[in-house]
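Asks: I'd like to ask some things about the structure below.
The values are calculated or read from the model by the stated rules, or taken from the named source; none is laboratory data. None of the values given here were measured: they were computed from a predicted structure. All Cβ positions, glycine included, derive from the backbone under ideal geometry; neighbour counts span all protein chains shown.
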Amino acid sequence: MIAIFTDFGIQGPYLGQMHAVFAAEAPAVPVVNLFPDLPPFNVRAAAYLLSAYSQYLPETATCLCVVDPGVGSARRPIAVQADGRWYVGPDNGLFSIVIRRACQVDAWVITRVPERLSASFHGRDLFAPVAVGIASGEDCPGEPVEAGTLVAPSWPDELAEVLYVDHYGNAVTGVRAQTLERDAEVEVAGRRCAFRRTFAEAESGEAFWYQNANGLVEVALNQGSAAQQLGLAVGTPIQLSR
Amino acid sequence: MIAIFTDFGIQGPYLGQMHAVFAAEAPAVPVVNLFPDLPPFNVRAAAYLLSAYSQYLPETATCLCVVDPGVGSARRPIAVQADGRWYVGPDNGLFSIVIRRACQVDAWVITRVPERLSASFHGRDLFAPVAVGIASGEDCPGEPVEAGTLVAPSWPDELAEVLYVDHYGNAVTGVRAQTLERDAEVEVAGRRCAFRRTFAEAESGEAFWYQNANGLVEVALNQGSAAQQLGLAVGTPIQLSR
Amino acid sequence: MIAIFTDFGIQGPYLGQMHAVFAAEAPAVPVVNLFPDLPPFNVRAAAYLLSAYSQYLPETATCLCVVDPGVGSARRPIAVQADGRWYVGPDNGLFSIVIRRACQVDAWVITRVPERLSASFHGRDLFAPVAVGIASGEDCPGEPVEAGTLVAPSWPDELAEVLYVDHYGNAVTGVRAQTLERDAEVEVAGRRCAFRRTFAEAESGEAFWYQNANGLVEVALNQGSAAQQLGLAVGTPIQLSR
């Protein structure tokens, strides 16, 4: 299975062109748009979301990961195998949280140069063909490197800010819920939010936090938009009282 | 074939995570996002849309249906087979219009408890695995119940309001066009709309109603946005003069 | 492989219903949403985008193309094979740029009348079944015609305007970059933009033009929205100084 994580968004011709590569080269390998609208250019937010949302995939999954504001510059193309799963994309810190939390990591710098390599769309021209090869059981077309040589920004273990606002207006953060007690409060935009296990446990219109289905702290309103009511957006900081 | 009906929307990681379940468990079963952006939390609107849009699927289709504001509360997970097609989702009235219009209905309460069951994402953790099993020819993992014991709200046979506004600004209603004469008028937002068979038959800028490709009354403008011009939104009532 | 080009947009039940046709009739043929949100009703813009974005598909691809404001009127349904690839859709000029640029063209008027033909959704009822037949190796169900008899508007070879604004705010135009020297400037909304090979070569906040991954002139800002900063939209004209 190939799972796509990218900030390309769901509109336009970008996802489709990567799917066309997969359809041409390995039509029997299933492909899912796992998180196709990560916050644009935001490698740091994407690194935490990638870690949380890829851990629920089968251990044989290959993740094609493209949040790549430096495309066309000197950043290296890499592939990483962490606890079984493969990650293919740019060496810009995008995989650093996955690597930090993994027990077993192997890394490669991709050395294959495709016949056609556009300046701006390495997702289609370089990373997708490598991902489909790996997902089909081929060796990674690169040189092994020490994982310690990859770009590893000094980001915190838990990122206490809003990383994504979903369709309902719920605000996903970069804090793993297992690091908080259930009586902890989350303060965001001047509002203190208590823990609720489910939406049904919250009063109507009450802002609360809960452990989302991927293990992250998420701020929500029961049947309303937390983002709109509280003024939340990607980057809004949260405070934790443990 | 698995067809997804949900209010999860097309953004974010929700559809993708359900597709990942299908890809892992039955990669050869095709999956289509049939109606992925039903109006949020609106079980009533979804019930009419589900009936209209699932009847065009092959009779062997399995519909995974998740509009589930009560997720995590006591509402039951169910599976229904109606005129051949399967429907898997919450027992909150979502299937009630399908059932009312079907000739042959069988129902089950799902009793399987998955190993991993998040409080907020039963679409991924419970309903998707059940749907993929049924689509693969397995028995429904539950207990048969009388269809009459399922939640059955006293909703009208034709729902005279706007249920969905599409990409072009056309307004889909819950009234089946076959219940209207062709000289009937639809009044909406103070505007009387006559019947036109096709967009091409309407004057430029004229608001009209037509029978959409799934049999519902739809209010439209020729090459313009009816929603914007007439101020229509989900929930806007319509009046019929037969 | 079937590649979908349409202005149906990514929301709602339209793409899904076409996918359901493919899933029912040829579940093993991969289908990609290549460009699902072409500018609504804009056949001219779509014709240039179709040419640019289909040329990167394998030569065995079948393109299902639906930008069809005249659906239900007398316009003919056609299929065209141009340099190997198939194009199925309405005879309204949508294929005229593909044809103009192709070395080898064959054309058919589709004569099959499907059992169920709605007035407004020929994409699902007529074009999708024809496309899936062709993609499965069947003959085109129609009569051969001279390509010269198809609708061929007198549009320019390069269309000097914005045809699409993407997720990042980049503005795709209808001018092929190979027709410009690298020291040419693109003037748009009163702003003169120089050529940059990559985003990384541009100053922060600088508006520039580059050759996008499909060979078109695209106006962009490094890590910002050109559309928002410069006020660009579909139809905004550009001027070229060669």
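Asks: Among C:Leu50, C:Leu57, C:Leu94, which is outside any loop (DSSP other than H, G, I, E, B), among the aliphatic types (A, V, I, L, M) and at pLDDT 95 or above? Reasoning before the result, please.
Replies: Working: C:Leu57 fails: outside any loop (DSSP other than H, G, I, E, B); C:Leu94 fails: outside any loop (DSSP other than H, G, I, E, B).
Criteria check complete, one pass: C:Leu50.
Asks: Would you call A:Val186 in contact with a Ser or Thr (Cβ under 9 Å, 6 or more places away or on another chain) and touching a residue at least 24 places away in the same chain (Cβ under 8 Å)? I'd like the intermediate steps shown before the answer.
Replies: Numbers: in contact with a Ser or Thr (Cβ under 9 Å, 6 or more places away or on another chain): yes; touching a residue at least 24 places away in the same chain (Cβ under 8 Å): yes.
Answer is yes for this residue.
Asks: Of all residues in the range B:2-14, which are free of Cβ contacts under 8 Å to residues at least 60 places away in the same chain and more than 16 Å from the chain's Cα centre (by Cα)?
Replies: So the first thing to find is which residues in the range B:2-14 are free of Cβ contacts under 8 Å to residues at least 60 places away in the same chain, and the list is B:9-13.
Those that are free of Cβ contacts under 8 Å to residues at least 60 places away in the same chain and more than 16 Å from the chain's Cα centre (by Cα): B:Gln11, B:Gly12, B:Pro13.
Asks: Just checking, which of A:Arg100, A:Arg85, A:Arg116 is of a type in the set (Lys, Arg), under 26 Å from A:Pro156 (Cα atoms) and either touching a strand residue (DSSP E or B) at 6+ places or on another chain (Cβ under 7 Å) or within 14 Å of chain C (Cβ to nearest Cβ) (or both)? Please lay out each step first, then the result.
Replies: Details: A:Arg100 fails: either touching a strand residue (DSSP E or B) at 6+ places or on another chain (Cβ under 7 Å) or within 14 Å of chain C (Cβ to nearest Cβ) (or both); A:Arg116 fails: under 26 Å from A:Pro156 (Cα atoms).
Step by step, each of A:Arg100, A:Arg85, A:Arg116 is checked, and only A:Arg85 is of a type in the set (Lys, Arg), under 26 Å from A:Pro156 (Cα atoms) and either touching a strand residue (DSSP E or B) at 6+ places or on another chain (Cβ under 7 Å) or within 14 Å of chain C (Cβ to nearest Cβ) (or both).
Asks: Please go through the range B:148-176 and give me each residue that is hydrophobic (A, V, I, L, M, F, W, C) and surrounded by fewer than 19 Cβ atoms within 10 Å (Cβ to Cβ), ordered by number. If you could, list the steps in order and put the result at the bottom.
Replies: So the first thing to find is which residues in the range B:148-176 are hydrophobic (A, V, I, L, M, F, W, C), and the list is B:150-152, B:155, B:159-160, B:162-163, B:165, B:171-172, B:175.
Answer for the range B:148-176, where residues must be hydrophobic (A, V, I, L, M, F, W, C) and surrounded by fewer than 19 Cβ atoms within 10 Å (Cβ to Cβ): B:Val151, B:Ala152, B:Trp155, B:Ala160.
Asks: So, one more: Does at least one position in the range B:117-127 carry a residue that is surrounded by fewer than 16 Cβ atoms within 10 Å (Cβ to Cβ) and in contact with a Leu (Cβ under 7 Å, 6 or more places away or on another chain)? It would help to see each step written out before you state the result.
Replies: Residues of the range B:117-127 surrounded by fewer than 16 Cβ atoms within 10 Å (Cβ to Cβ): B:117.
If we keep only those that are in contact with a Leu (Cβ under 7 Å, 6 or more places away or on another chain) as well, we get B:117.
Scanning the range B:117-127, I find at least one residue that is surrounded by fewer than 16 Cβ atoms within 10 Å (Cβ to Cβ) and in contact with a Leu (Cβ under 7 Å, 6 or more places away or on another chain), so the answer is yes.
Asks: Related question: Looking at the range C:191-201, is at least one residue assigned to a loop (DSSP other than H, G, I, E, B) and either of a type in the set (Asp, Glu) or touching a Leu at 6+ places or on another chain (Cβ under 7 Å) (or both)? Write out each step before concluding.
Replies: First pass over the range C:191-201, keeping only residues assigned to a loop (DSSP other than H, G, I, E, B): C:196-198.
Still in the running and either of a type in the set (Asp, Glu) or touching a Leu at 6+ places or on another chain (Cβ under 7 Å) (or both): none.
Looking for residues that are assigned to a loop (DSSP other than H, G, I, E, B) and either of a type in the set (Asp, Glu) or touching a Leu at 6+ places or on another chain (Cβ under 7 Å) (or both), one finds none in the range C:191-201, hence no.
Asks: May I pose another question? If you check every pair at least six apart or on different chains, which have Cβ atoms under 9 Å apart with a residue in the range C:87-100 that is within 9 Å of C:Val151 (Cα to Cα) and of a type in the set (D, E, K, R) first and a residue that is at pLDDT 95 or above and in a loop (DSSP other than H, G, I, E, B) second?
Replies: Listed by first residue and then by second, the contacts come to C:Asp91/C:Arg76; C:Asp91/C:Leu150; C:Asp91/C:Val151.
Asks: While we're looking at this one, here's another question. So, in the range C:60-74, of the ones that are touching a residue at least 60 places away in the same chain (Cβ under 8 Å) and in a loop (DSSP other than H, G, I, E, B), which residue ends up nearest to the other protein chains (Cβ to nearest Cβ)?
Replies: Step one: filter the range C:60-74 for residues touching a residue at least 60 places away in the same chain (Cβ under 8 Å), giving C:61-67.
Checking which are in a loop (DSSP other than H, G, I, E, B) leaves us with C:61, C:67.
Numbers: C:Ala61: 8, C:Val67: 12 Å.
Going through the qualifying residues, I end up with C:Ala61.
Asks: Then there's this: Keeping to the range A:10-30, report how many residues are over 18 Å from B:Gly12 (Cα atoms), part of a loop (DSSP other than H, G, I, E, B) and facing chain C (nearest Cβ under 9 Å).
Replies: Selection size over the range A:10-30: 2.
Asks: Return the residue satisfying two criteria in turn: it lies in the range A:70-116 and is β-branched (Val, Ile, Thr) and closer than 14 Å to A:Ser51 by Cα, and of such residues it is surrounded by the most Cβ atoms within 10 Å (Cβ to Cβ). Full working, then the answer.
Replies: Here is the first cut: in the range A:70-116, the residues β-branched (Val, Ile, Thr) are A:71, A:78, A:80, A:88, A:97-99, A:105, A:109-111, A:113.
With the extra rule that they be closer than 14 Å to A:Ser51 by Cα, the set shrinks to A:80, A:88, A:97-99, A:105.
Working: A:Val80: 26, A:Val88: 30, A:Ile97: 24, A:Val98: 23, A:Ile99: 19, A:Val105: 19.
It comes out as A:Val88.
Asks: If I go through the range C:202-225 residue by residue, how many of them are touching a strand residue (DSSP E or B) at 6+ places or on another chain (Cβ under 7 Å), within 10 Å of chain A (Cβ to nearest Cβ) and at positive phi?
Replies: Total satisfying the criteria: 1.
Asks: Of the numbered conditions (1) in contact with a Lys or Arg (Cβ under 7 Å, 6 or more places away or on another chain); (2) facing chain B (nearest Cβ under 10 Å), C:Asp7 satisfies every one except a single condition; which is it?
Replies: Failing condition for C:Asp7: (1).
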